[in-house]
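Have a look at the structure below before the remarks.
The values are calculated or read from the model by the stated rules, or taken from the named source; none is laboratory data. Just so it is clear, the structure is predicted and the values come from calculations on it, not from any experiment. Every residue, glycine among them, receives a Cβ derived from its backbone with ideal geometry; neighbour counts consider all protein chains shown. Please note that ligands, DNA and RNA were not included when accessible areas were found on the heavy atoms of the full protein model with its side chains. Shrake-Rupley method; radii C 1.70, N 1.55, O 1.52, S 1.80 Å.
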Amino acid sequence: MGALMEIRELRAFVAVVEAGAMSKAARQLHLSQPALSQTITALERRLGVRLLVRTSTGVQVTDAGTTLLGEARAVLARHDQALAAMARHTAAGGGVLRVGVPLELPPDLLPAALARLPDTRVQARHLSSVAQVAALRAGELDVGLVRERPAGPDLDAVLVVTEDVGVLLAADLAEKLGSPVRLEDLAGLEWFAFPRAGSPAWYDELAAILRSHGLDVGPEVPEEQRLIVELKIPAVSAGGAYAFAPPEWPYPLPDTVRWVPLAGNPIVRRTWAVWPATSRRRDVAEFVAALEDHRRNGSEV
């Protein structure tokens, strides 16, 4: 036939047939309905046959679809069996979970989640959101913690952290402005920003909020200039700049710098756990479930 079918396409096709409707299958697969529909359409185009007939009440399987259904189930079963067999090779000594980590996470998040995986060794890599997504797609990470939800059906994502962001100010300036401070009162100060290339959607969201409050965003930070804590504190302490930080900032503050909440909480930072949609690793599922529990129940994971 010459057509190369992907596992995720076969899994999507079987899910649609078994669910009987595109919308129900999309919910089960944690995909948007348009993304799932595009996957099925791409599979049909690659095979050159019609697999499903869309109706007002759901989907009907064509003769070609019925033929593929049996073969797809067999392929998926063999695929999952192979993954399970390989997983057993690491079961005795515990697996290795490669996790991408951004700057500034709640200090109890990872320890609480990893407590659920006592036999798993973790390799943490500090990477920007864009770099994590690229590493996930290249098979270099098992799960990432990113500041913007990636598009496309190849990665699954779930929201695990929501933080009302405050601002770091020089202590004397914080005393003058009071608490909480209004965003517009920061006019005239420089935003100590991060490179847009590392997380474009989050950067653009922040920039839009600042502009809506009459603040100057300033020039873009060069991509090679990474945002690090060692630079953030001195810049704020000098009194001419401000920087954003969550309430549970995991770094000690000198007496010259204070964290102050923002009036009305106009800035909310979200962190998603992201992993390959084709992953069937139990440790990834456990890790993500622990992160979700942390979000629902606070530190009581």
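Some observations on this one:
- Flag set for VAL61, criterion: over 27 Å from the mean Cα position of the chain (by Cα) and either free of Cβ contacts under 8 Å to residues at least 60 places away in the same chain or open to solvent by less than 50 Å² (accessible area, probe 1.4 Å) (or both).
- Residue count for segment 39-76, restricted to those that are acidic (Asp, Glu) and over 28 Å from ALA151 (Cβ atoms): 2
- Residue list for segment 160-188, restricted to those being within 30 Å of the chain's Cα centre (by Cα) and either part of a strand (DSSP E or B) or not assigned by the TED database to the domain that holds VAL284 (or both): VAL160, VAL161, THR162, GLU163, ASP164, GLY166, VAL167, LEU168, LEU169, VAL181
- Residue list for segment 144-159, filter: assigned to a strand (DSSP E or B) and either within 8 Å of the chain's Cα centre (by Cα) or not assigned by the TED database to the domain that holds ALA113 (or both): GLY144, LEU145, VAL146, ALA157, VAL158, LEU159
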